[in-house]
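These notes are about the structure you will find just below.
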Amino acid sequence: MSLDECCIVDLPKISDPRGNLTFIESSRHIPFDIKRVYYLYDVPGGSDRGAHAHRTLHQFIVAMSGSFDVVLEDGNRKQRYHLNRSYQGLYLCPMIWRYLDNFSSGAVCMVLASEYYDPSDYHRDYDEFIASAKRRSA
Ligand code: TYD
């Protein structure tokens, strides 16, 4: 479980003069079955979201509208992604610390998740996450 597994996925895009269409199918375009969908919207300028990691959850993040950055860290290295296309998404494997910032006005961040909401799946303490990630990779 490292940053090497996290990647931008190009989704199918059906271009049409009436408006474009994109779809996402579980286990075809993303490597998990979708159990939950949530979205962030009306994010005030300058706000950060996230700042946690998940022990077992897989997620896929799409900028449905506008743009924002997703910063990932696996305990060894850090990488910033800029999401601004509704036909692309970012896959996150478990045990990745993430925060989201640089939201444009009107940005909508949709997250597809492999499990129902479970507070016990969260690492919310950064130092504890880093220690756990380093133990796993030792
Ligand atoms: P949180 O995951 O902390 O948001 P962020 O990723 O921006 O830090 O969730 C914020 C609140 O929403 C928290 O009280 C838990 C609740 N929540 C749910 O009830 N269900 C969900 O699926 C999610 C993602 C959050």
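The values are calculated or read from the model by the stated rules, or taken from the named source; none is laboratory data. Remember, it's a predicted structure, so these values are computed and weren't measured experimentally. Neighbour counts run over all protein chains shown; Cβ positions are idealised from the backbone, glycine included.
Worth pointing out:
- Number of positions in segment 30-63 that are surrounded by fewer than 17 Cβ atoms within 10 Å (Cβ to Cβ), modelled with pLDDT of 95 or more and more than 15 Å from the ligand (Cβ to nearest atom): 2
- Pairs, first under 16 Å from Met1 (Cβ atoms) in segment 111-137, second within 16 Å of the ligand (Cβ to nearest atom) and part of a helix (DSSP H, G or I), C-beta under 6 Å, six or more apart: His123/Phe129
- In segment 86-138, counting only strands (runs of 3 or more DSSP E) that sit wholly within it, none holds 3 or more residues that are more than 27 Å from Phe23 (Cβ to Cβ) and within 11 Å of the ligand (Cβ to nearest atom).
- Checking Val62 against (1) in contact with a Leu (Cβ under 9 Å, 6 or more places away or on another chain); (2) not in a strand (DSSP E or B), the condition it does not meet: (2)
- Segment 84-116, subset among the β-branched types (Val, Ile, Thr) and closer than 30 Å to Ile14 by Cβ, residue surrounded by the fewest Cβ atoms within 10 Å (Cβ to Cβ): Val108
- Any hit, segment 120-133, residues being within 29 Å of Arg28 (Cβ to Cβ), modelled with pLDDT of 95 or more and acidic (Asp, Glu): yes
- The residue list Val71, Val9 contains one member that is touching a residue at least 40 places away in the same chain (Cβ under 8 Å) and among the β-branched types (Val, Ile, Thr), which is Val9.
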